[in-house]
Amino acid sequence: MGEARKFNAIDTIDQIFTAAKEKGIIHLSTEDESFNGREITLKGQKIINFGSCSYLGLELHPKLKQGVVDAVERFGTQYSSSRAYVSCGQYDELEEHLSTIFGGHAIVTPTTTLGHIASLPVLIGDNDAVLLDQQVHGSVQTAAQLLKPKGVTVELVKHSDMKALSRKIERLRKTHRRIWYMADGVYSMYGDYAPLPEIQALMEKYEELYFYVDDAHGMSWCGENGKGYVLSQMDLHRKMVLATSLNKAYASSGGVLVFPNKEWARRVRTCGATLIFSGPIQPPMLGAAIASAKVHLSDEITGLQEKLNRNIQLVNKTIKAHGLPLMAENDAPIFFLAAGLPRIAYNIISRMKKAGFFLNIAAYPAVPMKKGGVRFTITTHHTEADILAMTEALAYHYPRALAEEGSSIAEVYKDFKLRPSHLSLLGGGKNLQKKQNKFQVQYCQNIREISYRDWDGLFSNQGNYDWEGLLYLQETFSNNPEKENNWDFHYLIIKDQLGKIVLATFLTEALIKDDMFSEVSISAQVEERRKDDPYYLTSRALMMGSLATEGQHLYLDKQHPQWRQAVLTLTQKIRELQEASQAGSMLLRDFEAGADEELKSLLLDEGYIEMPMLDNNVVRNMDWQDIDEYIARLSKKGRISLRRDVLKQEDQFIVRHDKNVSEALKQHCYQLYLNVQEKALALNTFRQPEKLINNMFDHPNWDFIFLYIKEHLEQDKQALPVAVGMCYKSEKTYSPMILGMEYQYAESHNIYKQMLYRTVMRAKTAGFDNMKFGFGASQVKRRVGAEAVPTNAYIQLIDHFNQEELANMSVKG
């Protein structure tokens, strides 16, 4: 009954990356005629580069450059043939060297990503399961999607959560042959390590558990002969496959797969799709890779590792001395400085660029929306002076950027759950003050504390959230046995110094189904799991409006010169409420799509993502004089549909509105609602309590439309209605909020269309000019005169795990 405009992750990434590009932070190009490893030129400015992943500086090593030159002279620029036919002989030499380095059976692939795509479909059987660490590299996640058409179970595990991993293993081992846990050795954003001792212990405990690890960022700078972080901590396990990159510290091109036995290597080499159909690494870069392998197998690699380690320890020492919030303090050359919202990270990056240092932005989708920051890397090219100057600049600009954006170092430590260290050492930061806005802010949790006149002056024409409507909802969604039906209400009115209202809204905090806006096919799968676990993939959300209201929940005076500051005051209050409640998401709804680009831009800077919702349907200008004029205003298809499916059967029904009904009829109304609710997966919500409907009978603003089949009443005066509509009457707007019906009569009597028509007639008879017709079913509602209004929401996820799990779900069939 609903047509959802599907959420498009590409649109979200486009919003975020476009904003970063416009700020001059990403999609940049160097202007240098040659590189020295330390510096790059961007827009005419020579700056020190702290964004390179060539950690050992081998890209400028004379032996690697000579390896390229020699290979070009001997073999030309390319050898164009599938490796299934003939490989350039350089491959044999390179794979032999790499097998020695790793102590396993190495296969070289065109890229690490193509290596994953080659190996996973071959290694993993139809009756295997895959558990992806939440932060495993996107290339592994992409390759894992190829397994789903075979029916392979693919699920997520919270990042490095070994208890969660154990629980999933216990569940899946009962029905699956092998369980593959996939993780990174060194994670590319935060620079943290996989908990390898715990993973190894689990492999020993569970024979079904296998380990697939991408150590791209651990390669070369760590371990004997540069074999990487993972193999520096554990031997190549018999149930383990290692993938790594030759593009980073190794400084050439391609990827490597390392297997514990010849048979796995042979099978992937023979059957891996990208080893059959993809082009090979070309001779010049094979020459560089062979030269790099020889460096790795020499004593020289140890000296390079030691030099890098000295730089890393210097960074750790100075960052700690300055009290900057580092996410992971270890021996990896990747550093992540916590910041918070994207706009804070943008500010820091821009300041550092002006100061002469290039650092990377770390923002959604690479990290959670509210957990953005500054990522930088260290190489052997950096001098001690470079590092000291960069960290000194960070210590100066970091607290100032926070203050400009309304945050503080203390808030960052709290938001990221970090332990404060040497806060007083932040250069000048202790004297910086956050921006303050001079507003009168009224906040409360009960509508009774809000002036009836103030509230209804803003919202009386919006639907069922006028003052009386909210009082009804407060009383209905409290003291219920089901936790999902107990809501906390939050009211906010922001006035300027003269007492003029600039912004007003209300929010509710409630338990929601995380698949509320997912595709119907996904929700159907989730509901199957909920038969055994009713609260599977659910979380608390803080949302503008409520699950029982729809419409423009935000009053905002855009003519007021301080409207932007008022919105920022609202988002700050929402953050405070989220921190107190530990809600997993914050949802601002319902906004007409494309209607306010200024507000959209402001909310995007605050870390919210625009997300499409179901269309909101409205009937406007109900000033027609009679049924003929009403029909004449409909579209041609609407006139045909009304005459054929509704008016032709009109005399088969009897409509009643009397609210003085029996308890049996009240219970029947609730059952009719459940009939619809159980099928409404396009907007998947918990069933609401029976007293929601029972209380309507006693409330003067609620109106009922009971639809009876005339023949049933003629046969039995106690016959029950086949459909019921529950509608709220505000000052000028009639709002159908709940529909219940008997589906056995849906097709034979066109009950749904009949109810839509009767609802329009009831609103007109009751003297209303406008009607809010609810979300979804826009095509059918258009036939009776409704206009579909595309509607968006803005969402900020605090815990991304459930949404990532939904996105990862296998859609079978």
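The values are calculated or read from the model by the stated rules, or taken from the named source; none is laboratory data. No experiment lies behind these values; they were computed from the predicted model shown. No Cβ is skipped: glycine too gets one built from the backbone with ideal geometry, and neighbour counts run over all protein chains shown. Protein only, heavy atoms only, side chains kept; ligands, DNA and RNA dropped before computing areas. Shrake-Rupley method; radii C 1.70, N 1.55, O 1.52, S 1.80 Å.
Taking helices (runs of 4 or more DSSP H) that fall entirely within segment 4-117, which contain at least 3 residues that are under 29 Å from the mean Cα position of the chain (by Cα)?
Values: elements: 9-22, 62-75, 90-102.
Counting at least 3 such residues, we get 9-22.
Return the residue satisfying two criteria in turn: it lies in segment 229-252 and is small (G, A, S) and touching a residue at least 60 places away in the same chain (Cβ under 8 Å), and of such residues it is farthest from E306 (Cα to Cα). Walk me through how you get there before you give the answer.
First, pick out the residues of segment 229-252 that are small (G, A, S): 232, 243, 245, 249, 251-252.
With touching a residue at least 60 places away in the same chain (Cβ under 8 Å) added as a condition, the list becomes 243, 245, 249, 251-252.
Values: A243: 24, S245: 21, A249: 14, A251: 18, S252: 21 Å.
Residue satisfying both the conditions and the ranking: A243.
Can you find even one residue in segment 720-734 that is within 30 Å of L511 (Cα to Cα), outside any strand (DSSP E or B) and either in contact (Cβ under 8 Å) with a residue 12 or more places away in the chain or among the aliphatic types (A, V, I, L, M) (or both)?
Applying the first criterion (within 30 Å of L511 (Cα to Cα)) to segment 720-734 yields 723-730, 733-734.
Filter once more, keeping what is outside any strand (DSSP E or B): 730.
Those left that are additionally either in contact (Cβ under 8 Å) with a residue 12 or more places away in the chain or among the aliphatic types (A, V, I, L, M) (or both): 730.
Within segment 720-734, one or more residues are within 30 Å of L511 (Cα to Cα), outside any strand (DSSP E or B) and either in contact (Cβ under 8 Å) with a residue 12 or more places away in the chain or among the aliphatic types (A, V, I, L, M) (or both).
F653 fails exactly one of the following numbered conditions: (1) touching a residue at least 24 places away in the same chain (Cβ under 8 Å); (2) out of contact with any His (no Cβ under 9 Å at 6 or more places or on another chain); (3) open to solvent by less than 30 Å² (accessible area, probe 1.4 Å). What is the number of that condition?
(2)
In this structure, does Y364 turn out to be more than 17 Å from A395 (Cβ to Cβ), open to solvent by 10 Å² or more (accessible area, probe 1.4 Å), among the aromatic types (F, W, Y) and in a helix (DSSP H, G or I)?
On the way: more than 17 Å from A395 (Cβ to Cβ): yes; open to solvent by 10 Å² or more (accessible area, probe 1.4 Å): yes; among the aromatic types (F, W, Y): yes; in a helix (DSSP H, G or I): no.
Judged against the criteria, Y364 is not a match.
Please indicate, with yes or no, whether at least one residue in segment 587-601 is on the phi > 0 side of the Ramachandran plot, open to solvent by 40 Å² or more (accessible area, probe 1.4 Å) and in contact (Cβ under 8 Å) with a residue 60 or more places away in the chain.
Taking segment 587-601 as the starting set, the residues that turn out to be on the phi > 0 side of the Ramachandran plot are 594.
When the remaining residues are screened for being open to solvent by 40 Å² or more (accessible area, probe 1.4 Å), the result is 594.
Still in the list and also in contact (Cβ under 8 Å) with a residue 60 or more places away in the chain: 594.
Yes, segment 587-601 contains at least one residue that is on the phi > 0 side of the Ramachandran plot, open to solvent by 40 Å² or more (accessible area, probe 1.4 Å) and in contact (Cβ under 8 Å) with a residue 60 or more places away in the chain.
Just to be sure before I move on: is A328 open to solvent by 10 Å² or more (accessible area, probe 1.4 Å), outside any helix (DSSP H, G or I) and either in contact with a Leu (Cβ under 6 Å, 6 or more places away or on another chain) or in contact (Cβ under 8 Å) with a residue 12 or more places away in the chain (or both) in the structure I sent?
Details: open to solvent by 10 Å² or more (accessible area, probe 1.4 Å): yes; outside any helix (DSSP H, G or I): yes; either in contact with a Leu (Cβ under 6 Å, 6 or more places away or on another chain) or in contact (Cβ under 8 Å) with a residue 12 or more places away in the chain (or both): yes.
Here the answer is yes, as A328 does meet what is asked.
In segment 19-39, which residues are open to solvent by less than 70 Å² (accessible area, probe 1.4 Å) and closer than 30 Å to Y608 by Cβ?
A19, A20, G24, I25, I26, L28
Can you confirm whether Y210 is at pLDDT below 95, more than 23 Å from S252 (Cα to Cα) and crowded, with 21+ Cβ neighbours inside 10 Å? Break it down stepwise before answering.
Numbers: at pLDDT below 95: no; more than 23 Å from S252 (Cα to Cα): yes; crowded, with 21+ Cβ neighbours inside 10 Å: yes.
The answer is no for Y210.
Going by what's in this entry, would H699 be described as open to solvent by less than 60 Å² (accessible area, probe 1.4 Å) and at pLDDT 95 or above? Walk me through it before giving the result.
Working: open to solvent by less than 60 Å² (accessible area, probe 1.4 Å): yes; at pLDDT 95 or above: no.
The answer is no for H699.
Report the residue count in segment 777-805 for those that are of a type outside the set (D, E, K, R) and outside any loop (DSSP other than H, G, I, E, B). Let's see the steps before the verdict.
Keep residues of segment 777-805 that are of a type outside the set (D, E, K, R), which gives 777-780, 784-786, 788-798, 800-803.
Applying the additional criterion that residues be outside any loop (DSSP other than H, G, I, E, B) yields 778-780, 788-789, 791-797, 801-803.
Matching residues across segment 777-805 total 15.
Hey, N675 hits all of (1) in a loop (DSSP other than H, G, I, E, B); (2) over 25 Å from G767 (Cβ atoms) but one; which does it fall short on?
Looking at each condition in turn, N675 falls short on (1).
Given the criterion closer than 21 Å to A216 by Cα, of a type in the set (S, T, Y), open to solvent by 30 Å² or more (accessible area, probe 1.4 Å) and in a helix (DSSP H, G or I), identify the matching residue among T302, T270. Explain how you work it out, then say what you get.
Details: T270 fails: closer than 21 Å to A216 by Cα.
Every option except T302 fails the conditions.
Being modelled with pLDDT of 95 or more, under 23 Å from E411 (Cβ atoms) and either of a type in the set (D, E, K, R) or part of a strand (DSSP E or B) (or both) is the filter here, so list the residues in segment 340-361 that pass it.
R351, N360
Scanning for something basic (K, R), within 30 Å of Y608 (Cβ to Cβ) and open to solvent by 30 Å² or more (accessible area, probe 1.4 Å), does segment 257-264 turn up at least one residue?
Scanning segment 257-264, I find no residue that is basic (K, R), within 30 Å of Y608 (Cβ to Cβ) and open to solvent by 30 Å² or more (accessible area, probe 1.4 Å), so the answer is no.
At pLDDT below 95, within 25 Å of K65 (Cα to Cα) and either charged (D, E, K, R) or open to solvent by 10 Å² or more (accessible area, probe 1.4 Å) (or both): is that true of P284 in this structure? Spell out the reasoning first.
Details: at pLDDT below 95: no; within 25 Å of K65 (Cα to Cα): yes; either charged (D, E, K, R) or open to solvent by 10 Å² or more (accessible area, probe 1.4 Å) (or both): yes.
Judged against the criteria, P284 is not a match.
Pairs please, first residue from segment 406-417 and surrounded by fewer than 16 Cβ atoms within 10 Å (Cβ to Cβ), second anywhere and of a type in the set (D, E), Cβ atoms under 9 Å, 6+ apart in sequence or on different chains.
Close Cβ pairs satisfying both conditions: K414/E579.
Tell me, which residue of segment 150-170 that is in contact (Cβ under 8 Å) with a residue 40 or more places away in the chain and more than 19 Å from the chain's Cα centre (by Cα) is farthest from Q200 (Cα to Cα)?
G151
Against the condition over 36 Å from the mean Cα position of the chain (by Cα), farther than 26 Å from D456 by Cβ, open to solvent by less than 50 Å² (accessible area, probe 1.4 Å) and not aromatic (F, W, Y), how does G785 come out, does it pass? Break it down into steps so the answer makes sense when it comes.
Values: over 36 Å from the mean Cα position of the chain (by Cα): yes; farther than 26 Å from D456 by Cβ: yes; open to solvent by less than 50 Å² (accessible area, probe 1.4 Å): yes; not aromatic (F, W, Y): yes.
When the stated conditions are applied, G785 passes them.
Among the residues of segment 305-321, count how many are farther than 30 Å from T100 by Cβ and surrounded by 13 or more Cβ atoms within 10 Å (Cβ to Cβ).
Residues flagged as farther than 30 Å from T100 by Cβ and surrounded by 13 or more Cβ atoms within 10 Å (Cβ to Cβ) within segment 305-321 amount to 7.
Which numbered condition trips up I348, out of (1) more than 26 Å from H61 (Cβ to Cβ); (2) free of Cβ contacts under 8 Å to residues at least 60 places away in the same chain; (3) open to solvent by 10 Å² or more (accessible area, probe 1.4 Å)?
The failed condition is (3).
Out of the residues in segment 383-414 that are part of a helix (DSSP H, G or I) and among the small types (G, A, S), which is nearest to G373 (Cα to Cα)?
By that ranking, first place goes to A401.
Return the total of residues in segment 751-776 being within 21 Å of Q671 (Cβ to Cβ) and either at pLDDT below 90 or not in a helix (DSSP H, G or I) (or both).
Residues in segment 751-776 being within 21 Å of Q671 (Cβ to Cβ) and either at pLDDT below 90 or not in a helix (DSSP H, G or I) (or both): 1 in total.
What number of residues within segment 547-602 satisfy the criterion of being closer than 26 Å to N802 by Cα, assigned to a strand (DSSP E or B) and not polar (S, T, N, Q)?
6
Here's the yes/no breakdown for (1) out of contact with any strand residue (DSSP E or B) (no Cβ under 6 Å at 6 or more places or on another chain); (2) of a type in the set (K, R); (3) surrounded by 19 or more Cβ atoms within 10 Å (Cβ to Cβ):
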site: H712; (1), (2), (3): yes, no, no
site: K729; (1), (2), (3): no, yes, yes
site: P736; (1), (2), (3): no, no, yes
site: I751; (1), (2), (3): no, no, yes
site: V760; (1), (2), (3): yes, no, yes
site: D769; (1), (2), (3): yes, no, no
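Of the residues in segment 415-461, how many are in a loop (DSSP other than H, G, I, E, B) and modelled with pLDDT under 95? Give the derivation first.
Here is the first cut: in segment 415-461, the residues in a loop (DSSP other than H, G, I, E, B) are 416-422, 426-428, 432-439, 445-446, 450-451, 460-461.
Adding the requirement that they be modelled with pLDDT under 95 leaves 416-422, 426-428, 432-439, 451, 460-461.
Summing the residues that are in a loop (DSSP other than H, G, I, E, B) and modelled with pLDDT under 95 in segment 415-461 gives 21.
Restricting to segment 169-194, count the residues that are farther than 21 Å from A366 by Cβ and open to solvent by 20 Å² or more (accessible area, probe 1.4 Å).
Applying the first criterion (farther than 21 Å from A366 by Cβ) to segment 169-194 yields 169-181.
Filter once more, so that each one left must be open to solvent by 20 Å² or more (accessible area, probe 1.4 Å): 170-171, 173-178.
Matching residues across segment 169-194 total 8.
Take the residues in segment 20-66 that are in contact (Cβ under 8 Å) with a residue 60 or more places away in the chain and polar (S, T, N, Q), then tell me which one is farthest from K248 (Cα to Cα).
Ranking the qualifying residues of segment 20-66, first place goes to Q45.
Please enumerate the residues belonging to segment 503-546 that are part of a loop (DSSP other than H, G, I, E, B), open to solvent by less than 50 Å² (accessible area, probe 1.4 Å) and either under 30 Å from G457 (Cα atoms) or of a type outside the set (G, A, S) (or both).
Applying the first criterion (part of a loop (DSSP other than H, G, I, E, B)) to segment 503-546 yields 514-519, 531-537, 545-546.
Next, only the ones that are open to solvent by less than 50 Å² (accessible area, probe 1.4 Å) stay: 514-516, 518, 536-537, 545-546.
Correct list: D514, D515, M516, Y536, L537, G545, S546.
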